[in-house]
Amino acid sequence: MSIDAKRRLASAAFVALLILSVFWPSPIVTTNQLCCHAALPIDDLSFLGREAPAWDVVFWCITGIFALALLQDAHEFRDVVQEFRATRLRIGMMTAAAVLGAATAVALIWIYVDSPVTEWSERIASDEVQNWIRIANRFGGGMNPVMIIGFFLLAGLAYGWERWVGYAIRMTLAGAAGGVLVQLLKFAVGRTRPELWLGPFHHARASASSFPSGHTVGAFALAGVLILSSDSKTMRIVAALLAFSVALSRVLAFRHWTSDVTASAAIGIIVAAMIQGRK
């Protein structure tokens, strides 16, 4: 099998694994409903690694087998060191202009858009919307970002794709930098989540800070690396759509205001643009 065929096969297998992670543990629950009818501490609403981590063993075994299959062909681990050394933090006038433009847009959205969009979110709330929100939130949270980075790293090493190794390193650095900025801004701004819009009985945690959205920063930091660096138009479009879906789900779930996710998307993209590697 040619290297290109192996790359395509590995990519398809990883997409299937990622989809499985979003819907897990539905296969176990469905199988139990069909044949076993045992009392389980999990259901279709359980979140991978959250409610019942002990029941995620099967999924992580599948993930481990996939990782080992990639590692069998991985030889040039020096590529990781070389790509890391070639990675640079670049801050220039374009960065300053992007930050200023994003700050202006966020301020305007905060004043004029937040309330109308939250009202609209309340009007369209339904079981179907909630199901979509749940899927989007699962994709943007948990271990999925780590799995995405791990796949690009291992597949890049296994099939001699230095660009993918570079993606993994820049995603890691962008995600880490974005995470630090999120925590600093949450502490500094201390904005109340829009859950209060629905009344006290719907509000989850009064101490939670809404600005910015950690899920959205992470999604756009990882997607930003692909959007700005990938030669594949399909990969860029898919990365952008998935990141946007995560941002939209946070608004529709009343976890964040529109200005929160706008600022978060800008942070993720700007951080990804600042961290550059080899061309």
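Flag: Ala74 does not match the condition of being loosely packed, with under 14 Cβ neighbours inside 10 Å and not in a helix (DSSP H, G or I). Could you tell me whether segment 107-124 includes any residue that is in contact with a strand residue (DSSP E or B) (Cβ under 6 Å, 6 or more places away or on another chain), touching a residue at least 24 places away in the same chain (Cβ under 8 Å) and not in a helix (DSSP H, G or I)? No, segment 107-124 has no match at all.
All conditions but one from (1) in a helix (DSSP H, G or I); (2) at pLDDT below 90; (3) among the hydroxyl-bearing types (Ser, Thr, Tyr) apply to Ser207; the one that does not is (1). Could you list all residues from segment 125-142 that are assigned to a helix (DSSP H, G or I) and not aromatic (Phe, Trp, Tyr)? Of everything in segment 125-142, those that are assigned to a helix (DSSP H, G or I) and not aromatic (Phe, Trp, Tyr) turn out to be Asp127, Glu128, Val129, Gln130, Asn131, Ile133, Arg134, Ile135, Ala136, Asn137, Arg138, Gly140.
Taking (1) closer than 25 Å to Gly277 by Cα; (2) among the polar types (S, T, N, Q); (3) open to solvent by 80 Å² or more (accessible area, probe 1.4 Å) in turn, Thr87 satisfies each apart from (3).
For the criterion of being free of Cβ contacts under 8 Å to residues at least 60 places away in the same chain, closer than 16 Å to Val15 by Cβ and not basic (Lys, Arg), Phe139 fails.
Among residues of segment 147-195 being part of a helix (DSSP H, G or I) and charged (D, E, K, R), the one that is nearest to Asp231 (Cα to Cα) is Arg163. Exactly one residue among Gly214, Gly178, Gly190 is modelled with pLDDT of 90 or more and either crowded, with 24+ Cβ neighbours inside 10 Å or farther than 18 Å from Ala136 by Cα (or both), and that residue is Gly178.
Looking across segment 9-56, the residues that are outside any helix (DSSP H, G or I), open to solvent by 50 Å² or more (accessible area, probe 1.4 Å) and closer than 17 Å to Arg134 by Cβ come down to Asp43, Asp44, Leu45, Arg50, Glu51. Name the pairs whose Cβ atoms lie under 9 Å apart, with the first residue in segment 62-86 and under 19 Å from Val15 (Cβ atoms), the second open to solvent by 70 Å² or more (accessible area, probe 1.4 Å), and 6 or more positions between them or separate chains? Final answer for the pair search is Thr63/Met143.
The set of residues in segment 44-63 that are under 19 Å from the mean Cα position of the chain (by Cα) and among the aliphatic types (A, V, I, L, M) contains only Leu48.
The values are calculated or read from the model by the stated rules, or taken from the named source; none is laboratory data. Since we're looking at a predicted model, the values are computed, not measured. Cβ: placed from backbone, ideal geometry, glycine included. Neighbour counts: every protein chain shown. Side chains included, ligands, DNA and RNA excluded: accessible areas come from the protein's heavy atoms. Shrake-Rupley method; radii C 1.70, N 1.55, O 1.52, S 1.80 Å.
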